[in-house]
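Q: One structure coming up, written as structure tokens, with questions to follow.
Computed from the coordinates by the stated procedures, all read-outs in this text should not be read as laboratory data. Source: prediction; values computed, not measured. Reconstructed Cβ throughout: ideal geometry from the backbone, glycine too, with neighbour counts over all protein chains shown.
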């Protein structure tokens, strides 16, 4: 069976849009704290957004059928693409000038391992610190699961992606529709986050 390359790149473009949007949110935090790196984080976010838009525009006439093989490819390369682009705020702000170290820090966030090459994490600018925390927050649920929640807007089924992303031997659904499952999971995750934020303030 021939691979549907267009849907793979289309979905990777969608992930880049997510990543770029979260970077711009970090730029807003940087602006509010006036930490001096708002422009650099914004440039990282805009570069990531532009890459995502280009990928999606060039593959807009894709076949919307996705099988398991394409699902595994999207998940595998999705994490790599997210981590590569996610390293840009560190590099652009010189918080972690070495790209290899920045890439490691980003993967640490998206996999929620907590490992860091930073000796004094609190010393980095607030916007970058927020970005680092945000990668851990996103990794707690999974960017692929977040994307699945909006797949109906693209007319794409998400079961193959969910099966590729879910840990363990099975991907039993909590709800008959996989996109509804993803939405409910993220709703619970947002609820826990909001509750903890209120309790800590």
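Q: Let a ≥ b ≥ c be the square roots of the eigenvalues of the Cα gyration tensor of region 40-83; is it rounded (a/c under 1.5), or, if not, prolate (a/b larger than b/c) or oblate?
A: Details: a/c = 5.33, a/b = 1.58, b/c = 3.37.
Taking the square roots of the gyration eigenvalues as a ≥ b ≥ c, region 40-83 is oblate.
Q: Which residues does the label zone of residue 50 cover in region 1-25, counting backbone N under 20 Å from a point 7 Å along Cα→Cβ?
A: Taking a point 7 Å out along Cα→Cβ of residue 50, the residues of region 1-25 whose backbone N falls under 20 Å are 10, 12-25.
Q: Give the separation of the Cα centroids, region 1-69 to region 92-128, in Å.
A: 20 Å
Q: Which shape class, rounded, prolate or oblate, goes with region 30-113 when its Cα gyration tensor gives a ≥ b ≥ c as root eigenvalues, a/c under 1.5 marks rounded, and past that a/b bigger than b/c marks prolate?
A: Values: a/c = 3.02, a/b = 1.64, b/c = 1.84.
Oblate, since a/c reaches 1.5 and b/c is not below a/b.
Q: Show me 131-138, 9-16 ranked by packing, highest mean number of other Cβ atoms within 10 Å first. Present the calculation step by step, with values, prior to reporting the outcome.
A: Values: 131-138: 20.5, 9-16: 22.6.
By packing density, highest mean first, the sequence is 9-16, 131-138.
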